[in-house]
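A short worksheet on the structure shown next.
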Amino acid sequence: LKRGDEFICRATVKEARTKIVVLCEIRLVRDGKVCARGSTEQVAVREPEMEMAFSIPDEISRALGF
């Protein structure tokens, strides 16, 4: 990528039950070349204890299509 390049960033939710997993890909508009790929994972935390929950709340899973 260089300044002025147009790109498309695509994010896909792969999981939303025990954790939320999102895959990302960045492609140049001009030729479709993949410039970067990555992923991120998030877990739910119970407040106020700040303890990790071992499932994503149902309303969030449903909103993400799971």
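The values are calculated or read from the model by the stated rules, or taken from the named source; none is laboratory data. Keep in mind that what you see is a predicted model, and the values were worked out from it rather than measured. With ideal geometry, Cβ positions are generated from the backbone for all residues, glycine too; neighbour counts draw on all protein chains shown. Remember, those area values only see protein heavy atoms, side chains included, never the ligands or the DNA or RNA. Shrake-Rupley method; radii C 1.70, N 1.55, O 1.52, S 1.80 Å.
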Residues of segment 5-30 being small (Gly, Ala, Ser) and under 22 Å from PHE54 (Cα atoms), in sequence order, are ALA16
Of (1) of a type outside the set (D, E, K, R); (2) touching an Asp or Glu at 6+ places or on another chain (Cβ under 8 Å); (3) open to solvent by 50 Å² or more (accessible area, probe 1.4 Å), GLY4 satisfies every one except (2)
Pick out the one residue from GLU59, GLU41 that is part of a helix (DSSP H, G or I) and open to solvent by 70 Å² or more (accessible area, probe 1.4 Å). GLU59
Of the residues in segment 8-35 that are within 14 Å of the chain's Cα centre (by Cα) and of a type in the set (A, V, I, L, M), the one that is least open to solvent (accessible area, probe 1.4 Å) is ALA16
Output for segment 1-35, where each listed residue is without any contact (Cβ under 8 Å) to a residue 40 or more places away in the chain, part of a strand (DSSP E or B) and either in contact with a helix residue (DSSP H, G or I) (Cβ under 8 Å, 6 or more places away or on another chain) or β-branched (Val, Ile, Thr) (or both): ILE8, THR12, VAL21, VAL22, ILE26, VAL34
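Do we find that ALA53 is in contact with a Lys or Arg (Cβ under 6 Å, 6 or more places away or on another chain) and either modelled with pLDDT under 95 or not aliphatic (A, V, I, L, M) (or both) in this structure?
Working: in contact with a Lys or Arg (Cβ under 6 Å, 6 or more places away or on another chain): yes; either modelled with pLDDT under 95 or not aliphatic (A, V, I, L, M) (or both): yes.
It is true that ALA53 is in contact with a Lys or Arg (Cβ under 6 Å, 6 or more places away or on another chain) and either modelled with pLDDT under 95 or not aliphatic (A, V, I, L, M) (or both).
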If I filter segment 44-56 down to residues being part of a loop (DSSP other than H, G, I, E, B) and not acidic (Asp, Glu), which single residue comes out as surrounded by the fewest Cβ atoms within 10 Å (Cβ to Cβ)? PRO48
So which residues in segment 10-55 are out of contact with any Phe, Trp or Tyr (no Cβ under 8 Å at 6 or more places or on another chain), among the basic types (Lys, Arg) and farther than 15 Å from PHE66 by Cα? ARG10, ARG30, LYS33, ARG37, ARG46
